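Following: one structure in structure tokens, then a few remarks.
Taken together, the values in this text are just the output of simple stated rules run on the coordinates, not laboratory data. Note that the coordinates shown come from a computational prediction; the quantities given were computed from them, not determined experimentally. Positions of Cβ are generated from backbone atoms using ideal geometry, with glycine treated the same way; all protein chains shown enter the neighbour counts.
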Amino acid sequence: NNNNNNNKIERGNSKKYSLEEPIAKQLVLPGGKDEQYVKKKVTSVLKTIVYESVVPIYQTLCHDELDNIRLLAVSASGSIGCALGLDGSLCSQVVLPLLQAGVVDASWRVRKNLASTFATIAQCQGFHESSRKHDHLIVFESFSSLLQDCESQVRSCAVTNIARMAQLGGVHLFQSHIVPLLPALSDDEKEVRIQLALTIMDCCNNSVCTVLTDKIILKDLKPCLETLLDDEFAEVQLPILSKLSRITHLLDQMDLVVQSVVSMSKNPNWRVREAVGYLLPHLAEARGVVFFKEQLLDVWMALFLDQVAYVRASCVNGMSKLLSVMGSSWIQREIIPRYMEIYNSSVSYLTRITVLRSFSRLASSESDGRMSSELANEVTLLLLKGLKDKVVNVRMVAAKGLEDMKLVLDDGILNSKILPALEQLVTEDPDEDCKFYAQNAINSLSE
């Protein structure tokens, strides 16, 4: 970069590319605007300069006798590809031979560095040029070799590229070179399985990979999901549990996956139980009201009363989604009575706080406006009851909850019951913090 005073390269008025990190590592979807930007900016003159002045140095360093040098040079291959304008023809001559050499390098550290940036390097091989199919085949054969490397560190780094390689190569190359290796990777060492779980869910993320259809996910990825969810380590299960909502629409065709999720509600690791709590409303969306009531409602209530606050919070935060899926009448009939029984019989103020937060959460924007006036009025009365609790923390939560109900409150109940109750709290409550929250609620509700 000849302009040392600039530390950013801007594309229009949107994305900024930091020169502290190679642009090659910041490319998102292959063939998208990022690639178009690079190809537009790299002129034929610049390509010539890079090819004549930089490439010889790069090639020499990639063949250096010291692996410390080779591993750094190989890692720069993606940047070389960008500097050559992602020109498939030039990159086939310059980068591809060194990629092939790196895959069989005697040093595992060189192979590891190559594996960690493989998709970025592969992106310069003209995957959107049908005339370069032979090169594409070489790239995927090289990637397959790294996925089967004798060193687990290399395999672990290679696995992280699966989603982007699927996007690059398309369905055919993905199914012929990657899918056959998934069973072995699912039974690999722990770190490999963790990275596999992450990248499998990236394959279901449209911001990373758009080429894998629902049919392919069910056929090729579902067995892998089932195996990883049954793993003995929570670190392997969590990346899938936390992102499984991406394929909610497919869960009605994944019986074993759903069974695994339900069984993990009793997992000794609280993070797993927390993830299950967040996922249950999505299972309700996929499987329907009857399935949730028969199979998941007891699980939901158990997690709602979990000893760990983060697990309880997952049920609190899921209330709006549950409302949007199940509807107001179902919430009034099945949830509110159970929660009020817990509230009235609870000896712990933390449990009462959890109940009140769940009520106010029903009014959030995530519920898609599904909260009926009848449910809103019932919840409001229950929150008013919380203003009279003997524990100050509960009264504060109740006041904040009434403020959160602002958009769904009926004017009649607001003026006749809510504002007078909050004003009484401001004037009579002995706790200053409680008065503060009550006054904030009054100010918000009066706007």
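Using the structure shown, select from K321/K388; K112/K222; K385/K417 the pairs with a Cα to Cα distance greater than 19 angstrom. With Cα atoms farther than 19 Å apart: K321/K388; K112/K222. Estimated at 0.36 nm per residue, the fully extended path between S89 and T210 surpasses their Cα-Cα distance by 41.0 nm. When peptides 44-56, 334-346 are sorted by average Cβ neighbour count within 10 Å, with the highest value leading, the order is 334-346, 44-56.
When the chain is treated as a GNM with alpha-carbon contacts under 10 Å, the residue of L98, L212, L381 showing the greatest mean-square fluctuation is L381. For the chain, the Cys residues with no second cysteine's beta carbon closer than 4.7 Å are C62, C82, C150, C157, C203, C204, C209, C224, C315, C434. When the helices of the chain are scored as -39500 (n - 2.57) per DSSP H run of n ≥ 4 and the total is divided over every residue, the value at 222 nm lands at -18000 deg cm²/dmol. Ordering A197, L256, L218 by Cα displacement along the dipole of the range 122-261 toward the positive end leaves L218 in first place; charges were set at the Cβ atoms of Lys, Arg (+1) and Asp, Glu (-1).
As a calculated quantity, the FRET efficiency between A106 and L381 at R0 = 60 Å, using C-beta atoms, amounts to about 0.20.
Of the GluC sites (Glu not before Pro) found in the range 196-284, those in coil by DSSP whose Cβ has at most 15 other Cβ atoms within 10 Å are E232.
Here the calculated FRET efficiency for Q175 and S446, from their Cβ-Cβ distance with R0 = 60 Å, stands at 0.45, rounded to the nearest 0.05. Comparing mean-square fluctuations of V179, V347, V311 from a GNM of the chain with C-alpha springs under 10 Å, the top value falls on V347.
With a Förster radius of 30 Å applied to the C-beta separation of S373 and T427, the computed FRET efficiency comes to 0.50.
Put simply, the amide H of D410, placed in the peptide plane, has no neighbours under 5 Å, leaving out anything fewer than 5 places away on its chain. About its Cα centre, the dipole of the range 111-240 is roughly 500 debye, where the only charges are +1 on Lys and Arg Cβ and -1 on Asp and Glu Cβ. Its Cα centre serving as origin, the chain has a Cβ charge dipole (Lys and Arg +1, Asp and Glu -1) of approximately 600 debye.
So if I place +1 on the C-beta of Lys and Arg and -1 on the C-beta of Asp and Glu, and nothing else carries charge, what would the dipole magnitude of the range 345-414 be about its Cα centre? I want it in debye, nearest 20.
440
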